[in-house]
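Beneath this line is the structure, given in structure tokens, with notes to follow.
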Amino acid sequence: MKIYPTDLSDNQWQFIKKTLQLGERKRKHSLRSIWNAIQYIVKTGCQWRMLPLNFAKWQLVYYYYKKWSELEHFDLLLSKLREFVRVKKGQKAQASLGILDSQSVRWGNNKALNSYDGNKKVKGIKRHVIVDKNGFLVAVMVTVAHIHDSKAVMLMMRVLKEMLRSIKEIIADGGYRGEIIEQVKKRFGYLIEVVMRSDDKKTEFTPVNKRWVVERTFAWFDFYDYKTHWW
């Protein structure tokens, strides 16, 4: 029985349990209930200590969150979910095209990374993401807000190389123009295609061909308060 909208369905839990090979031994609090608690926090953005009492104690939930993070379980699950949906759409499981973009957001909870993005007039952090053509995350990195995209791109390419080696081409905006394109190609083998926004319609929103999916991904983030406030 689902208590909260964030609770897993039976099919969702079976997929997670199979993918992560989670054990079946008897526990006071099932791993499914622990996972439900984590999803509640991610969706609502509540503090760990404010976790509703019908869940396990917050210390136990945090223990598993940290453990699964260190084991890279969330990365593995993200990868398997992305592949599952791609195959269901009739696409190859491994993406060959990535869309790169960044977004500065107000402060977050990581004060060590806080800085001022003079271009966007935002004090906070900067999120760098690469998504596939469906908008599903392939790689993500968090930096200080003031770093220019052309400076962060080499670090992002290292992250991408570790997360998914099948990417051949990357679509990006004008912030990645210049010598960096050749540097990325020479060092990592990726071909960066810069797609610019048209200057004809500056006063209204017009989706940019090929790049609009990454903007939608950023919009998805806003539905999950933990991501909005904590990184």
Listed by chain and number, the residues whose amide H is under 5 Å from that of I170, excluding neighbours fewer than 5 places away on the same chain and using placed H, are G98, L191, I192, E193
Please give, to one decimal in nm, the separation of the simple spin-label points placed at D10 and Y116, each 7 Å out from Cα toward the Cβ. 5.7
Using the beta-carbon distance between F74 and E193 and R0 = 35 Å, what value does 1/(1 + (r/R0)^6) give for FRET efficiency, to the nearest 0.05? 0.70
Subtracting the Cα-Cα distance of E162 and N54 from 0.36 nm times their residue separation yields 35.0 nm
Only Cα pairs under 8 Å and at least 6 apart count here; give the relative contact order of the range 107-183 as a rounded whole percent. 23
What is the count of Lys pairs in the range 10-71 whose alpha carbons sit under 22 Å apart, if the two are 8 or more places apart or on different chains? 21
Which of the following values of volume of the Cα convex hull per residue in Å³ was calculated from the structure shown: (1) 152; (2) 167; (3) 180? (1)
What whole-number distance in Å separates the alpha-carbon centres of the range 8-31 and the range 140-184? 36
What nm value, rounded to one decimal, do you get for the distance between L81 and Q47 when each label is placed 7 Å out toward the C-beta? 2.8
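Just so you know, all these numbers are worked out from the coordinates, no wet-lab data involved. The model shown is predicted, which means the values in this text are computed figures rather than measured ones. Neighbour counts are summed over all protein chains in view; Cβ atoms, including those assigned to glycine, are modelled from backbone coordinates with ideal geometry.
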